[in-house]
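Student: Here it is: the structure, laid out below.
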Amino acid sequence: MDQDKVDQGRRLLILDDEPTVAMTVARIAERHGFTVRLSESPREFFHDVARFAPSHIIIDLLMPGMDGVEVLRNLAAVGCHANIIMMSGMGAKVLESAQRAGLERGLRISGILPKPFKPAELRALLDADADRALLSRATEADGEVSLGELEAALRTDQFVLHYQPKIHLATGRVAGVEALVRWQHPTLGLLLPQRFLPLVEQAGSMDLLTYRVIETGLAWFAEAGRGNELTMAINISGGSLTDVIFTDVLSEQCTLLKVDPARIILELTETTATRRSADTLDILTRVRLKGFKLSIDDYGTGYSSMSQLAQLPFSEIKIDKSFVAAMLNSGEAHKLVASTIGLGNALHLLTVAEGVENEQQLRALTELECEQAQGFHIARPMDGAAVREWLRERI
Ligand code: C2E
Ligand code: CA
Ligand code: CA
């Protein structure tokens, strides 16, 4: 275990005050291809977080004289992007709430390891992150983007769309795609939305970006959606909804490109959609009257009431990926997913689950009679040409 020469592979840092347990974990992880380091105190641990730059962290939440929750809070404060596995002999309820607190602070919690554990459980958790780690590398490329660069990007069309397929769970057939914006930055490469959307919002350019996305997406869909029944979903930020000409522009584009509005789904986050205002309801209603579909995105992360959901003119409910990620390890998350699907059915809303990363989640969602699914396990977001190829092979 070399102090400073750190390889590019998988590095695990363990914080546990029980050397025997920590050694067992270390041995299993080493045999699984990890370079491992052990810390017995938070001081030592935070030093290693900085110097050893672990890709994975295992923390015992219950250590005498140490507060595991406090350690999580500090990890969030230093912007830690490692995949975190929480370990404890405590009951599931406590671990689940610690997990939720960690996720809310933006930490990557891969899962929970009960004490005692089986080696296979540990190995599964250590592998569970591969997709997320890739995603984080893509977002962590060095360098900040500036307002000037953003303006240039809007002027010279550096924004591109990727498309992620969705399938019908009952048949496995393709249902449609979701358009996801990326910034093809001249020096930093392809940037994901979390890296630049806050800046776009701050610059007051969200409407402009939304129009670009609509224009590019509809032009692509006019071709890719011809001769099939596919749908295309577009993400709409809250700001665009207060724009009175928004619906008209969208409608005109569809007429121009001969795209049926019934095949276009506008996704609004739960928080945006339920922000109570007469304007929102007006615009949402106009959107539906023009024939578009409306989806409530990231469902479960906001605080919408059942009556709001029943009153707003939605056609679809999209279960947030954090619940899908947790549904196999957390009984509570599983119940939440099940009840959301039940609620969707009762209100005649199409139910879609996002963030499906493995076969077990796919199977669980099928059993719960969720209608559609999207996620890395089915397909990653791809550029326009690649996704057309993917679709061609499946339709
Ligand atoms: P979202 O609407 O929840 O989109 C789904 C996000 O989950 C996408 O991230 C997608 O790449 C990612 N994802 C898909 N499958 C999986 C999976 O199996 N596991 C995990 N962990 N993640 C998965 P992306 O593309 O980085 O977009 C992030 C967010 O940025 C979107 O979240 C959406 O809120 C926003 N966004 C994306 N495109 C646009 C856009 O054109 N306009 C606006 N206003 N917002 C956008
Ligand atoms: Ca979305
Ligand atoms: Ca979402």
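The values are calculated or read from the model by the stated rules, or taken from the named source; none is laboratory data. This structure is a prediction, so every number in the text was calculated from the model and none was measured. Cβ sites come from the backbone with ideal geometry, for glycine too, and all protein chains shown count toward neighbours. Note: areas computed on protein heavy atoms with side chains; ligands, DNA, RNA excluded. Shrake-Rupley method; radii C 1.70, N 1.55, O 1.52, S 1.80 Å.
Student: Mind checking which residues of region 214-256 are open to solvent by 20 Å² or more (accessible area, probe 1.4 Å), of a type in the set (Val, Ile, Thr) and within 13 Å of ligand 1 (Cβ to nearest atom)?
Tutor: Listed by number, the list holds a single entry, 216.
Student: Condition first: among the β-branched types (Val, Ile, Thr) and not in a strand (DSSP E or B). Can you find one or more residues in region 309-327 that meet it?
Tutor: Yes: region 309-327 contains one or more residues that are among the β-branched types (Val, Ile, Thr) and not in a strand (DSSP E or B).
Student: Looking at (1) within 16 Å of ligand 3 (Cβ to nearest atom); (2) modelled with pLDDT under 90; (3) more than 25 Å from residue 264 (Cβ to Cβ), find the lone condition where residue 304 falls short.
Tutor: (3)
Student: Here's a follow-up. What is the residue count in region 271-319 for residues that are within 16 Å of ligand 1 (Cβ to nearest atom) and of a type in the set (Asp, Glu)?
Tutor: Summing the residues that are within 16 Å of ligand 1 (Cβ to nearest atom) and of a type in the set (Asp, Glu) in region 271-319 gives 3.
Student: Taking the conditions exactly as written (farther than 30 Å from residue 191 by Cβ and either within 15 Å of ligand 3 (Cβ to nearest atom) or touching a strand residue (DSSP E or B) at 6+ places or on another chain (Cβ under 7 Å) (or both)), does residue 349 satisfy them or not?
Tutor: yes
Student: So residue 67 passes all but one of these: (1) within 12 Å of residue 102 (Cα to Cα); (2) modelled with pLDDT under 85. Which condition number does it fail?
Tutor: (1)
Student: Still on this model: When region 183-213 is examined, which residues are found to be near ligand 1 (Cβ under 7 Å from one of its atoms) and either surrounded by 15 or more Cβ atoms within 10 Å (Cβ to Cβ) or of a type in the set (A, V, I, L, M) (or both)?
Tutor: Residues satisfying the conditions are 192, 193, 197, 206, 209, 210, 213.
Student: Right, something else. Residue check: is residue 310 open to solvent by 30 Å² or more (accessible area, probe 1.4 Å), within 16 Å of ligand 2 (Cβ to nearest atom) and in contact with a Leu (Cβ under 9 Å, 6 or more places away or on another chain)?
Tutor: Judged against the criteria, residue 310 is not a match.
Student: Select from region 367-392 the residues that are within 16 Å of ligand 1 (Cβ to nearest atom) and within 24 Å of residue 270 (Cβ to Cβ) and list them in ascending order.
Tutor: Matches in region 367-392: 370, 372, 373, 374, 375, 376, 377, 378, 381.
Student: Determine which member of the set 272, 247 is modelled with pLDDT under 95, within 15 Å of ligand 3 (Cβ to nearest atom), assigned to a helix (DSSP H, G or I) and not acidic (Asp, Glu).
Tutor: Answer to the check: 272.
Student: Here's a follow-up. Would you call residue 356 buried (at least 20 other Cβ atoms within 10 Å of the Cβ), aliphatic (A, V, I, L, M), within 16 Å of ligand 3 (Cβ to nearest atom) and assigned to a loop (DSSP other than H, G, I, E, B)?
Tutor: yes
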